[in-house]
Every structure is written in C-alpha cells, then in structure tokens.
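Below: the structure, in structure tokens.
The values are calculated or read from the model by the stated rules, or taken from the named source; none is laboratory data. The model shown is predicted, which means the values in this text are computed figures rather than measured ones. FYI the Cβ positions are ideal-geometry reconstructions off the backbone, even for glycines, and counts take in every protein chain you see.
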Amino acid sequence: MRTPKTLHDFYTQFPDEDACWAALRQMRWPHGFVCPRCGGRGSHRLRTRRLEQCRACRHQASPTAGTVFHKTRVPLRTWFLAIFFLARHKKGISALQLRRDTGLGSYQTAWTLLHKLRSALGPRPEFRLTGLVEADETYVGGAVSGGKRGRGAPNKALVAGAVEQREHSAGSLRLAVVPHASTAELGPFVRGVIDAREATVLTDGLPAYAHLGPAGVDHRPEVQGDPARAAEILPWIHKVFSNLKTWLRGTFHGVSPKHLPRYLQEFSYRFDRRAREAELFPFVLRRAVRGEPLPYARLTAEVVG
Ligand SMILES: [Zn+2]
C-alpha cells in the first residue's frame, strides 16, 4: 500500500468509505476471502452491509471482525484519517486535536479510537533485545502544581525501560509500567524483553537488578558515584526517559497512570521506527487490522500492572 504523504494524497487514495473497505478487505484477505467458519474460499459481497457471505456455508463475515475496527460505529475513513495523523505527526496526536481535525462527535470517541490504535502497537514478542542493553527506571507524571513531588507524589508512575546500545545510536526500546522498583518487578521486566543468550545488560548499582547475574543474565552493574557518571554508563535510556516525559507533557499535557501503558507502547513503537517515519501509515494500518478488538469497557477498566 502506498503511503499518503499529504492530506490531499490521503483523500485521493481513500476518496470514500468504499475505498477504505476495499483496502481493508485486501489486507484482511490478501489471497482472497477465506471463510472463518468452514475455510471455504468463495464469497458474495453483501455491499449494503459491508459483509462477505461464504458461498459454501452462507456464513457472513465482516472484514472488521477481530480487528481494532471490530463493531465500530465510526466511519472507516475517519479511522484511516486518525491513522494518517498518528503516522504523519512525529509526536503523535491528542484526542482533543483529533476531534478538531476530523470533526468527530465527541472527545470520548476520539480518545477511544486513539487508545484502540495504541493497543495494537505493542512490541512483537518474538523480537527480543540483543547486544548491549541499558536498563533503568524512572518516575513519570505527578502533581503539576501544589502537592508533593518525587517518588511519593500522587499520579506518579514508575516506568521500567530497556534499550539496545549500538555503537553510535540506540537500537530497539521496551518500556513498561511497574508497581515498584523491586527485584520482583524489575527482574521479570528485564528478563522478559531480552534474549538472554545474546544480551549483556548494563544497569546502575540499584540492588533490585543484583539478581540478574545469578538468574543467568550477563549483567554488568556499575555503581555510580555521581549523576553525571550515570548518564555516561546509560546514555540512551536517560535520553529516552527525558524525551518520553517531554512527549507526554507536550502532546498530551500529562496522562493518567492508568492509561500510561498504551502511551508507552506508542512511544516505543515510534522509537523503533524512527528511521522509517515516512512508512508509518501502512505499518500502523496493518497493526490495526491484526490487532485484537478492545471493547471500551475493557479500555477504561484496565489498571496499571
Ligand atoms: Zn463458510
């Protein structure tokens, strides 16, 4: 699929709902329709209801079933436009801005749509971090005015991060919200994102990382004397944390810890594809087609953990 470079390109490529449904069908069934019930390959298109009906068993299948567009009442072209903006803007788009730009009826609809897309941007579990991997943790968010600052402040969330350290740049990034900076939380995070046979993990001297070596990870802790030294040992993860905080403040004016995990997914997704920004539209669209449906009730009920 071509990447629309401008809004004009977008409207040329997707002039109406039918064009979007055709694109979706093509992505869903690239080798022709396959019946999810009987595996049959022939179908009639029920145009008015945008369904495919299996010629063999008459099962009616929607190309949106099992995707993030599942049972949506928002026009598909509005979804595509949201993906275009999300992909086009280097720093992403807030629900407020998306509502303004697309004329969506409510803030809640715009918010839900963006979170459903973010939910499809998680790292692929088969790709693990390798080589030198910097691991660290940081507090994100917190009271904007008044209130306490620092570790105990309300609305602060602890984010664990791991990023590949390459010779002159960073490789791939993983972020997760963790409840505590403890061995029980940080250990499984690090072990879960690396390929232990291919990775050497660099951390500061925090005791929570001390068990990594005994757990079979090639681990090089550095006890830091002063903060400048920490930035020297772990340059990329510090840069990532700083950019993450700027992004959350700048684009979204802060986010609630409850929904932070999905913002972390979007941030890491962008980071890993920062050299391929121009191609993000088809990438994100493909993720949306492969993504799991996420009902609004589950979206709002999820808790940090
Ligand atoms: Zn069938």
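I'd like the full set of residues that are surrounded by 18 or more Cβ atoms within 10 Å (Cβ to Cβ), touching a Lys or Arg at 6+ places or on another chain (Cβ under 8 Å) and among the aliphatic types (A, V, I, L, M), limited to region 133-143.
VAL140
Could you tell me whether region 261-268 includes any residue that is farther than 15 Å from LEU173 by Cβ and under 15 Å from the mean Cα position of the chain (by Cα)? Walk me through how you get there before you give the answer.
First pass over region 261-268, keeping only residues farther than 15 Å from LEU173 by Cβ: 262.
Right, trim to under 15 Å from the mean Cα position of the chain (by Cα) and you get 262.
Yes, region 261-268 has at least one match.
Listed residues LEU264, LEU299; which is in contact with a His (Cβ under 8 Å, 6 or more places away or on another chain) and surrounded by 13 or more Cβ atoms within 10 Å (Cβ to Cβ)? Even if it seems obvious, please write down each step before you answer.
Details: LEU264 fails: in contact with a His (Cβ under 8 Å, 6 or more places away or on another chain).
One residue alone meets the criteria, LEU299.
Specify the residue that is nearest to the ligand (Cβ to nearest atom); the eligible residues are those in region 41-76 that are within 13 Å of GLU17 (Cβ to Cβ) and buried (at least 20 other Cβ atoms within 10 Å of the Cβ).
PRO63
Take the residues of region 1-26 that are assigned to a loop (DSSP other than H, G, I, E, B) and touching a helix residue (DSSP H, G or I) at 6+ places or on another chain (Cβ under 8 Å): which is nearest to the ligand (Cβ to nearest atom)? Quick ask: steps written out before the conclusion?
So the first thing to find is which residues in region 1-26 are assigned to a loop (DSSP other than H, G, I, E, B), and the list is 1-6, 14-16.
Next cut, touching a helix residue (DSSP H, G or I) at 6+ places or on another chain (Cβ under 8 Å) only: 1-5, 14, 16.
Values: MET1: 27, ARG2: 32, THR3: 35, PRO4: 35, LYS5: 40, PHE14: 29, ASP16: 29 Å.
Per the criteria, the residue is MET1.
Any residue at all in region 82-93 that is in a helix (DSSP H, G or I), over 30 Å from CYS38 (Cα atoms) and over 19 Å from the mean Cα position of the chain (by Cα)? Walk me through how you get there before you give the answer.
Let us first name the residues in region 82-93 that are in a helix (DSSP H, G or I), namely 82-88.
Checking which are over 30 Å from CYS38 (Cα atoms) leaves us with 82-88.
Then drop every residue that is not over 19 Å from the mean Cα position of the chain (by Cα), which leaves none.
The answer is no, given that none of the residues of region 82-93 is in a helix (DSSP H, G or I), over 30 Å from CYS38 (Cα atoms) and over 19 Å from the mean Cα position of the chain (by Cα).
Between ALA157, ALA135, ALA176, which is under 19 Å from ARG262 (Cβ atoms), at pLDDT 95 or above and not β-branched (Val, Ile, Thr)?
Working: ALA157 fails: at pLDDT 95 or above; ALA135 fails: under 19 Å from ARG262 (Cβ atoms).
Residue meeting the stated conditions: ALA176.
A quick yes/no check of all residues on (1) part of a helix (DSSP H, G or I); (2) touching an Asp or Glu at 6+ places or on another chain (Cβ under 7 Å); (3) of a type in the set (A, V, I, L, M):
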site	(1), (2), (3)
GLU164	no, no, no
LEU186	yes, yes, yes
HIS219	no, no, no
GLU232	yes, no, no
LYS239	yes, no, no
LEU264	yes, no, yes
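Quick check: is even one residue across region 106-125 assigned to a loop (DSSP other than H, G, I, E, B), more than 22 Å from ARG290 (Cβ to Cβ) and out of contact with any strand residue (DSSP E or B) (no Cβ under 9 Å at 6 or more places or on another chain)?
Taking region 106-125 as the starting set, the residues that turn out to be assigned to a loop (DSSP other than H, G, I, E, B) are 106, 120-125.
Among the residues that remain, those that are also more than 22 Å from ARG290 (Cβ to Cβ) are: 106.
Those still in the list that are out of contact with any strand residue (DSSP E or B) (no Cβ under 9 Å at 6 or more places or on another chain) too: 106.
Yes - at least one qualifying residue is present in region 106-125.
Quick one: which of VAL223, VAL255, VAL289 is more than 18 Å from LEU129 (Cα to Cα) and out of contact with any strand residue (DSSP E or B) (no Cβ under 8 Å at 6 or more places or on another chain)? Reasoning before the result, please.
Working: VAL223 fails: out of contact with any strand residue (DSSP E or B) (no Cβ under 8 Å at 6 or more places or on another chain); VAL255 fails: out of contact with any strand residue (DSSP E or B) (no Cβ under 8 Å at 6 or more places or on another chain).
Answer to the check: VAL289.
Only one of (1) buried (at least 17 other Cβ atoms within 10 Å of the Cβ); (2) within 22 Å of PHE10 (Cα to Cα); (3) of a type outside the set (A, V, I, L, M, F, W, C) fails for SER119. Which number is that?
With respect to (1) buried (at least 17 other Cβ atoms within 10 Å of the Cβ); (2) within 22 Å of PHE10 (Cα to Cα); (3) of a type outside the set (A, V, I, L, M, F, W, C), SER119 is out only on (2).
Taking only region 27-40 into account, find how many residues are more than 16 Å from the ligand (Cβ to nearest atom) and touching a residue at least 24 places away in the same chain (Cβ under 8 Å).
1
Of (1) in contact with a helix residue (DSSP H, G or I) (Cβ under 8 Å, 6 or more places away or on another chain); (2) surrounded by fewer than 14 Cβ atoms within 10 Å (Cβ to Cβ), PRO214 satisfies all except one. Which?
The number of the failed condition is (1).
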